[in-house]
Amino acid sequence: MKPFVYLLSLILVIGVTAPLPAIAQDTPEAEVTRTLTDAEQSQATDTRIAERIRAILIELDGYEGVMFSVRSGIVILSGEVVDATALARLEELITGIDGVVTIQDEVTETTDLAKRLNPAIERMQVRVRQTIAVLPLFAVAVAAAAFVWFIGLRVARMHQPWERFAPNAFIANIYRQIVGLVFIVVGIVIALDILNATALLGTILGAAGIIGLAIGFAVRDTVENFIASIMLSIRQPFQPNDAVEINGDQGKVIRLTSRATILLSFDGNHIRIPNSTVFKSRIVNFTRNRERRFLFKIGVESDSDLAAVRSLIEETVSAMPFTLDTPGTSVWIEDMTDSGVVFTVTGWIDQSKTSLLRARGETLRLVKQAIEEAGFAIPDTTYRIRLEGAALPGGFPETATITETESAEKPAPTPETKGVIGVNAVDDEALENMIEAERNDDTNPDLLRRNAPIE
């Protein structure tokens, strides 16, 4: 049995070890075969890339002087091109070919004048031919836009319905301008649509917006004044002939224009205030209420019966034919000074019938007359100098009082008029006549209306 076992083991060992040499002999051959296959595939890829590049160069103009080679997917370019744009375009096309690893660029721009001018001449010829071809269509587009603009111009020039909808002529003119602008934009859109170039509309509107923004910053004050004119014309804070105070200037309103507010001062001067200033300023309208208060101050001697003086002044003011019972007369002690006691006196009038300045002056005159007739003294300005000590050169005594009234003889007082002198609004009527003459001038437009909303 042992020889049989030994024989069987020998057979198994031989059977197992016999294939190993064959495997060891086949491995180098497989590696050589695989290396040859990769080289062949790389060569095939390079050939395919070269054929593709050659076909591209044949189809495109301007690359006759370009040479190339392909190695392991690396494209090497050499030669000359017309300009850098052509070279960038070629590189973009080659990069898109499947299998290209990178591009080694050795191409230069040609310095041959003829080669550089020929493409430009050809492009110019092509553009001239394209322009000639599109001229009929362009003429149709221009005609359509002009027709739309003509309609818009006719509609914008119509007086109705814009003047019916607008509160004044200025706003109506703005409506017309907006309508005209809308028709202009519609005409441009129609023309671009006919030319199949509506994509340019966004560019045009964007450029117009940028230009408008720049112009707005450049003429910011003008734009602000324009907007203020619109607001003032819609909501009017004053009416024609109103006595107002704007930014420290007092006068009567003549007109409101698209740029400024015109006042006639009480001295007869024209005051032109920009509407932007009017819109932002504090406006005092003296004419809005018919009742208006006048005020003045008057003094009496300190030793006077102040209660009696106050009652006397109040009765005198209330008895004036032009003063109103409501709100009534007010009198109070304002201050006590070296010269006496100062009273403040107020009264109310109907300024549509009575001149404020004349009423104030006449009331002051009659109050002074009543105080003096009642035996109360109104203090005069008197300077007293007290000298004490030894006698001075010139013979002055040690103590002396020199008053201003002693330097000259006091004139005899003239009798005062008892009655009330006319206080009708004569000056106001004269100013109103001047304003009416100004407003009747049709060459100067006015945005003020009697029936406009008032703030």
Six or more apart or on different chains, Cβ under 7 Å: which pairs go from a residue in the range 262-289 that's more than 19 Å from residue 434 (Cβ to Cβ) to one that's in a strand (DSSP E or B) and among the charged types (D, E, K, R)? Could you list them? 284/245
Can residue 62 be described as assigned to a loop (DSSP other than H, G, I, E, B) and modelled with pLDDT under 70? yes
Helices (runs of 4 or more DSSP H) wholly inside the range 68-177 containing at least 1 residues that are outside the structural domain of residue 58 (by TED's automatic domain parsing) and modelled with pLDDT of 80 or more: 113-156
Under 9 Å between Cβ atoms, at least 6 apart or on separate chains: pull out the pairs that start in the range 84-111 with a residue that is polar (S, T, N, Q) and end on any residue that is surrounded by 12 or more Cβ atoms within 10 Å (Cβ to Cβ) and assigned to a loop (DSSP other than H, G, I, E, B). 102/73; 110/65; 110/82; 110/83
Do you know which residues across the range 295-324 are outside any loop (DSSP other than H, G, I, E, B), within 16 Å of residue 335 (Cα to Cα) and among the small types (Gly, Ala, Ser)? 299, 307
Only one of 253, 244 is under 11 Å from residue 278 (Cβ atoms), touching a residue at least 60 places away in the same chain (Cβ under 8 Å) and either of a type in the set (Gly, Ala, Ser) or surrounded by 19 or more Cβ atoms within 10 Å (Cβ to Cβ) (or both), namely 253
Are any of the residues in the range 236-251 of a type in the set (Asp, Glu) and part of a strand (DSSP E or B)? yes
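The values are calculated or read from the model by the stated rules, or taken from the named source; none is laboratory data. Everything numeric here is computed off the predicted structure, so don't read it as measured data. Counting neighbours? That spans all protein chains shown, and the Cβs are built from the backbone with ideal geometry, glycine included.
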